[in-house]
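The values are calculated or read from the model by the stated rules, or taken from the named source; none is laboratory data. Everything numeric in this text was worked out from a predicted model, so none of it was measured. FYI the Cβ positions are ideal-geometry reconstructions off the backbone, even for glycines, and counts take in every protein chain you see.
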Amino acid sequence: IRSFDDKQISVIEFFSPVTVIVGHNGSGKTTTIECLKYATTGDQPPNTRGGAFIHDPKMANEKEVKAQVKLRFHAANGTRMLAVRNLSVTVKKTGLTMKTLESILALADYDRGAISTKCAGVDAEIPHLLGVSKSVLENVIFCHQEDSYWPLAEPAALKKKFDDIFEATRYTKALDSIKSLRKDRVADLKADKERLESLSKEKAHADKLRARVVELNSSITSKQLQYEE
(Lines give C-alpha, C1' and ligand atoms only; values in the text may rest on other atoms or scores of the structure.)
Protein backbone atom coordinates (compact mmCIF):
# COMPACT_ATOMS: atom_id res chain seq x y z
CA ILE A 1 0.00 0.00 0.00
CA ARG A 2 1.54 3.29 -1.14
CA SER A 3 5.11 3.44 0.26
CA PHE A 4 4.72 0.08 2.03
CA ASP A 5 6.06 -2.45 -0.50
CA ASP A 6 4.83 -5.98 -1.12
CA LYS A 7 7.96 -7.69 0.19
CA GLN A 8 7.14 -7.43 3.88
CA ILE A 9 4.17 -7.09 6.21
CA SER A 10 3.83 -3.97 8.35
CA VAL A 11 1.82 -4.34 11.56
CA ILE A 12 0.52 -1.61 13.85
CA GLU A 13 -1.15 -2.30 17.19
CA PHE A 14 -3.47 0.36 18.54
CA PHE A 15 -3.58 0.85 22.29
CA SER A 16 -6.28 2.24 24.56
CA PRO A 17 -7.18 4.98 25.28
CA VAL A 18 -5.10 6.59 22.53
CA THR A 19 -2.31 5.80 20.08
CA VAL A 20 -0.21 8.69 18.77
CA ILE A 21 1.33 8.16 15.34
CA VAL A 22 4.40 10.31 14.66
CA GLY A 23 7.02 10.28 11.91
CA HIS A 24 8.72 12.27 9.18
CA ASN A 25 7.04 13.17 5.90
CA GLY A 26 6.38 10.09 3.80
CA SER A 27 6.70 7.66 6.69
CA GLY A 28 3.11 6.48 6.28
CA LYS A 29 1.13 8.34 8.94
CA THR A 30 -1.66 9.31 6.56
CA THR A 31 -1.50 5.91 4.87
CA THR A 32 -2.28 4.28 8.22
CA ILE A 33 -5.49 6.29 8.55
CA GLU A 34 -6.31 5.64 4.89
CA CYS A 35 -5.96 1.90 5.50
CA LEU A 36 -8.25 2.08 8.52
CA LYS A 37 -10.85 3.92 6.47
CA TYR A 38 -10.49 1.50 3.57
CA ALA A 39 -10.77 -1.53 5.86
CA THR A 40 -13.93 -0.25 7.53
CA THR A 41 -15.74 1.42 4.60
CA GLY A 42 -14.24 -0.01 1.42
CA ASP A 43 -13.57 3.51 0.11
CA GLN A 44 -10.11 4.42 -1.16
CA PRO A 45 -8.55 7.83 -0.50
CA PRO A 46 -9.28 10.83 -2.74
CA ASN A 47 -7.35 11.13 -6.00
CA THR A 48 -6.21 7.50 -6.05
CA ARG A 49 -7.96 6.28 -9.18
CA GLY A 50 -5.93 4.00 -11.39
CA GLY A 51 -4.15 2.23 -8.56
CA ALA A 52 -2.39 5.14 -6.84
CA PHE A 53 -3.38 3.67 -3.46
CA ILE A 54 -1.29 0.56 -4.15
CA HIS A 55 2.51 0.37 -4.18
CA ASP A 56 3.78 1.33 -7.64
CA PRO A 57 4.79 -1.80 -9.63
CA LYS A 58 7.56 0.20 -11.27
CA MET A 59 9.09 0.88 -7.86
CA ALA A 60 8.86 -2.83 -7.07
CA ASN A 61 10.18 -3.75 -10.53
CA GLU A 62 7.16 -6.00 -11.03
CA LYS A 63 4.37 -6.25 -13.59
CA GLU A 64 1.81 -6.84 -10.86
CA VAL A 65 1.64 -5.89 -7.21
CA LYS A 66 -0.91 -7.35 -4.81
CA ALA A 67 -1.92 -5.42 -1.72
CA GLN A 68 -3.77 -6.36 1.43
CA VAL A 69 -5.22 -4.44 4.35
CA LYS A 70 -6.09 -6.58 7.35
CA LEU A 71 -7.86 -5.22 10.43
CA ARG A 72 -8.61 -6.97 13.70
CA PHE A 73 -11.15 -5.10 15.79
CA HIS A 74 -13.68 -5.50 18.57
CA ALA A 75 -17.30 -5.20 17.49
CA ALA A 76 -19.74 -3.16 19.57
CA ASN A 77 -20.83 -6.36 21.33
CA GLY A 78 -17.23 -7.23 22.25
CA THR A 79 -16.69 -9.92 19.61
CA ARG A 80 -13.23 -9.92 18.00
CA MET A 81 -13.58 -9.60 14.23
CA LEU A 82 -11.21 -9.82 11.29
CA ALA A 83 -11.64 -7.82 8.07
CA VAL A 84 -9.40 -8.43 5.07
CA ARG A 85 -9.36 -6.33 1.89
CA ASN A 86 -7.36 -7.42 -1.16
CA LEU A 87 -6.30 -5.37 -4.16
CA SER A 88 -4.01 -5.70 -7.15
CA VAL A 89 -2.53 -3.37 -9.72
CA THR A 90 -1.11 -4.50 -13.06
CA VAL A 91 1.09 -2.69 -15.55
CA LYS A 92 -0.58 -2.47 -18.96
CA LYS A 93 0.44 -0.74 -22.16
CA THR A 94 -2.14 1.94 -21.49
CA GLY A 95 -1.10 2.40 -17.86
CA LEU A 96 -1.96 0.84 -14.52
CA THR A 97 -5.06 -1.31 -14.05
CA MET A 98 -6.38 -1.81 -10.54
CA LYS A 99 -8.66 -4.63 -9.40
CA THR A 100 -10.56 -5.06 -6.17
CA LEU A 101 -10.20 -8.69 -5.15
CA GLU A 102 -12.10 -10.79 -2.63
CA SER A 103 -12.82 -9.31 0.78
CA ILE A 104 -13.26 -11.35 3.94
CA LEU A 105 -15.11 -10.65 7.18
CA ALA A 106 -14.81 -13.33 9.84
CA LEU A 107 -14.62 -14.00 13.56
CA ALA A 108 -11.02 -13.42 14.62
CA ASP A 109 -10.81 -16.00 17.42
CA TYR A 110 -12.70 -18.92 15.93
CA ASP A 111 -12.39 -21.02 12.81
CA ARG A 112 -16.01 -20.75 11.74
CA GLY A 113 -15.54 -19.52 8.22
CA ALA A 114 -16.21 -16.11 6.76
CA ILE A 115 -19.34 -14.15 7.58
CA SER A 116 -19.19 -12.41 4.21
CA THR A 117 -16.87 -12.46 1.20
CA LYS A 118 -18.69 -10.00 -1.05
CA CYS A 119 -17.34 -6.46 -0.96
CA ALA A 120 -20.84 -4.96 -0.73
CA GLY A 121 -21.68 -7.29 2.15
CA VAL A 122 -18.49 -6.41 4.02
CA ASP A 123 -19.04 -2.68 3.39
CA ALA A 124 -22.51 -2.88 4.94
CA GLU A 125 -21.66 -5.23 7.80
CA ILE A 126 -18.58 -3.55 9.33
CA PRO A 127 -20.27 -0.21 10.23
CA HIS A 128 -23.11 -2.24 11.75
CA LEU A 129 -20.60 -4.24 13.84
CA LEU A 130 -18.84 -1.05 14.96
CA GLY A 131 -22.14 0.56 15.91
CA VAL A 132 -21.65 3.68 13.76
CA SER A 133 -22.79 4.66 10.30
CA LYS A 134 -20.52 4.65 7.27
CA SER A 135 -20.90 8.42 7.03
CA VAL A 136 -19.47 8.86 10.54
CA LEU A 137 -16.52 6.63 9.67
CA GLU A 138 -15.87 8.58 6.46
CA ASN A 139 -16.42 12.14 7.65
CA VAL A 140 -15.54 12.06 11.34
CA ILE A 141 -13.51 9.12 12.65
CA PHE A 142 -11.31 8.47 9.60
CA CYS A 143 -11.80 11.74 7.74
CA HIS A 144 -9.00 12.20 5.20
CA GLN A 145 -6.88 15.31 5.57
CA GLU A 146 -7.83 16.37 2.03
CA ASP A 147 -11.51 16.22 3.01
CA SER A 148 -11.16 17.72 6.48
CA TYR A 149 -12.45 21.15 5.40
CA TRP A 150 -15.96 19.91 4.69
CA PRO A 151 -17.41 21.97 7.63
CA LEU A 152 -16.53 25.04 5.53
CA ALA A 153 -18.41 23.81 2.46
CA GLU A 154 -21.36 25.52 0.80
CA PRO A 155 -24.61 25.41 2.83
CA ALA A 156 -26.29 22.83 0.58
CA ALA A 157 -23.29 20.47 0.65
CA LEU A 158 -22.84 21.03 4.38
CA LYS A 159 -26.49 20.23 5.07
CA LYS A 160 -26.16 16.98 3.11
CA LYS A 161 -23.09 16.02 5.16
CA PHE A 162 -24.89 16.62 8.44
CA ASP A 163 -27.99 14.82 7.19
CA ASP A 164 -25.80 11.81 6.34
CA ILE A 165 -23.91 11.92 9.65
CA PHE A 166 -27.03 12.22 11.80
CA GLU A 167 -29.04 10.02 9.43
CA ALA A 168 -31.73 12.69 9.15
CA THR A 169 -32.96 11.28 5.84
CA ARG A 170 -33.44 7.83 7.37
CA TYR A 171 -35.26 9.41 10.32
CA THR A 172 -37.57 11.33 7.98
CA LYS A 173 -38.27 8.20 5.93
CA ALA A 174 -38.90 6.20 9.09
CA LEU A 175 -41.26 8.91 10.38
CA ASP A 176 -43.14 8.95 7.07
CA SER A 177 -43.34 5.17 7.19
CA ILE A 178 -44.74 5.28 10.73
CA LYS A 179 -47.33 7.91 9.72
CA SER A 180 -48.36 5.84 6.70
CA LEU A 181 -48.57 2.70 8.81
CA ARG A 182 -50.63 4.51 11.46
CA LYS A 183 -53.00 5.82 8.77
CA ASP A 184 -53.45 2.30 7.41
CA ARG A 185 -54.06 0.89 10.90
CA VAL A 186 -56.62 3.62 11.68
CA ALA A 187 -58.45 2.81 8.44
CA ASP A 188 -58.35 -0.92 9.27
CA LEU A 189 -59.64 -0.21 12.78
CA LYS A 190 -62.51 1.89 11.43
CA ALA A 191 -63.47 -0.85 8.97
CA ASP A 192 -63.28 -3.49 11.71
CA LYS A 193 -65.48 -1.39 14.02
CA GLU A 194 -68.08 -0.95 11.27
CA ARG A 195 -68.01 -4.68 10.56
CA LEU A 196 -68.31 -5.44 14.28
CA GLU A 197 -71.31 -3.11 14.58
CA SER A 198 -72.95 -4.76 11.57
CA LEU A 199 -72.28 -8.25 12.93
CA SER A 200 -73.62 -7.22 16.36
CA LYS A 201 -76.88 -6.05 14.77
CA GLU A 202 -77.13 -9.28 12.78
CA LYS A 203 -76.47 -11.33 15.92
CA ALA A 204 -79.15 -9.43 17.86
CA HIS A 205 -81.61 -10.03 15.03
CA ALA A 206 -80.64 -13.73 14.93
CA ASP A 207 -81.15 -14.00 18.70
CA LYS A 208 -84.65 -12.51 18.34
CA LEU A 209 -85.46 -14.97 15.57
CA ARG A 210 -84.24 -17.91 17.68
CA ALA A 211 -86.36 -16.71 20.60
CA ARG A 212 -89.35 -16.38 18.28
CA VAL A 213 -88.75 -19.91 16.93
CA VAL A 214 -88.63 -21.28 20.48
CA GLU A 215 -91.82 -19.42 21.34
CA LEU A 216 -93.64 -20.68 18.24
CA ASN A 217 -92.46 -24.27 18.82
CA SER A 218 -93.74 -24.07 22.39
CA SER A 219 -97.09 -22.69 21.18
CA ILE A 220 -97.40 -25.40 18.53
CA THR A 221 -96.64 -28.13 21.06
CA SER A 222 -99.23 -26.71 23.47
CA LYS A 223 -101.92 -26.53 20.80
CA GLN A 224 -101.15 -30.07 19.61
CA LEU A 225 -101.69 -31.34 23.16
CA GLN A 226 -104.97 -29.45 23.39
CA TYR A 227 -106.07 -30.89 20.04
CA GLU A 228 -105.26 -34.44 21.11
CA GLU A 229 -107.24 -33.99 24.32
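Give just the number: which of (1) touching a residue at least 12 places away in the same chain (Cβ under 8 Å); (2) surrounded by 12 or more Cβ atoms within 10 Å (Cβ to Cβ); (3) more than 17 Å from Glu34 (Cα to Cα) does Asp109 not satisfy?
(2)
Take the conditions aliphatic (A, V, I, L, M), at pLDDT 90 or above and not in a loop (DSSP other than H, G, I, E, B) and apply them to Met59. Does it pass?
Answer is no for this residue.
Being of a type in the set (S, T, N, Q) and free of Cβ contacts under 8 Å to residues at least 24 places away in the same chain: is that true of Asn47 here?
no
Considering only residues that are within 55 Å of the chain's Cα centre (by Cα) and basic (Lys, Arg), which ones fall in region 183-216?
Lys183, Arg185, Lys190, Lys193, Arg195, Lys201, Lys203
Return a yes/no flag: does region 22-29 have any residue that is assigned to a helix (DSSP H, G or I) and either modelled with pLDDT of 90 or more or hydrophobic (A, V, I, L, M, F, W, C) (or both).
Taking every residue of region 22-29 in turn, at least one turns out to be assigned to a helix (DSSP H, G or I) and either modelled with pLDDT of 90 or more or hydrophobic (A, V, I, L, M, F, W, C) (or both).
Output the number of residues of region 75-102 satisfying the condition of being in a strand (DSSP E or B) and of a type in the set (Asp, Glu).
Final tally of qualifying residues: 0.
Limited to region 1-42, what total is found for residues that are farther than 23 Å from Asn61 by Cβ and of a type outside the set (A, V, I, L, M)?
Residues in region 1-42 being farther than 23 Å from Asn61 by Cβ and of a type outside the set (A, V, I, L, M): 19 in total.
Among Val122, Val136, which is the only one that is among the aliphatic types (A, V, I, L, M), assigned to a helix (DSSP H, G or I), in contact with a strand residue (DSSP E or B) (Cβ under 6 Å, 6 or more places away or on another chain) and surrounded by 11 or more Cβ atoms within 10 Å (Cβ to Cβ)?
Sole residue among the options that is among the aliphatic types (A, V, I, L, M), assigned to a helix (DSSP H, G or I), in contact with a strand residue (DSSP E or B) (Cβ under 6 Å, 6 or more places away or on another chain) and surrounded by 11 or more Cβ atoms within 10 Å (Cβ to Cβ): Val122.
Looking at Lys134, Lys118, can you tell me which residue is under 18 Å from the mean Cα position of the chain (by Cα) and modelled with pLDDT under 90?
Lys118
So, Phe53, is that one assigned to a loop (DSSP other than H, G, I, E, B), touching a residue at least 24 places away in the same chain (Cβ under 8 Å), among the aromatic types (Phe, Trp, Tyr) and in contact with a Ser or Thr (Cβ under 8 Å, 6 or more places away or on another chain) or not?
Judged against the criteria, Phe53 is not a match.
Look through region 162-179, keep the residues that are in contact (Cβ under 8 Å) with a residue 24 or more places away in the chain and in a helix (DSSP H, G or I), and return whichever of them is surrounded by the fewest Cβ atoms within 10 Å (Cβ to Cβ).
For region 162-179, the residue satisfying everything is Ile165.
Among (1) more than 27 Å from Asn139 (Cβ to Cβ); (2) among the charged types (D, E, K, R); (3) buried (at least 17 other Cβ atoms within 10 Å of the Cβ), there is one condition Glu64 misses while meeting the rest; what is its number?
With (1) more than 27 Å from Asn139 (Cβ to Cβ); (2) among the charged types (D, E, K, R); (3) buried (at least 17 other Cβ atoms within 10 Å of the Cβ) applied to Glu64, the lone miss is (3).
For region 214-226, check the following and say yes or no: at least one residue is exposed (fewer than 10 other Cβ atoms within 10 Å of the Cβ) and outside any helix (DSSP H, G or I).
Within region 214-226, not a single residue is exposed (fewer than 10 other Cβ atoms within 10 Å of the Cβ) and outside any helix (DSSP H, G or I).
Failed condition for Arg72, given (1) surrounded by fewer than 18 Cβ atoms within 10 Å (Cβ to Cβ); (2) over 24 Å from the mean Cα position of the chain (by Cα); (3) assigned to a strand (DSSP E or B), with all others met?
(2)
In region 19-53, which residues are more than 27 Å from the chain's Cα centre (by Cα), at negative phi and not polar (S, T, N, Q)?
Of everything in region 19-53, those that are more than 27 Å from the chain's Cα centre (by Cα), at negative phi and not polar (S, T, N, Q) turn out to be Val20, Ile21, Val22, His24, Lys29, Ala52.
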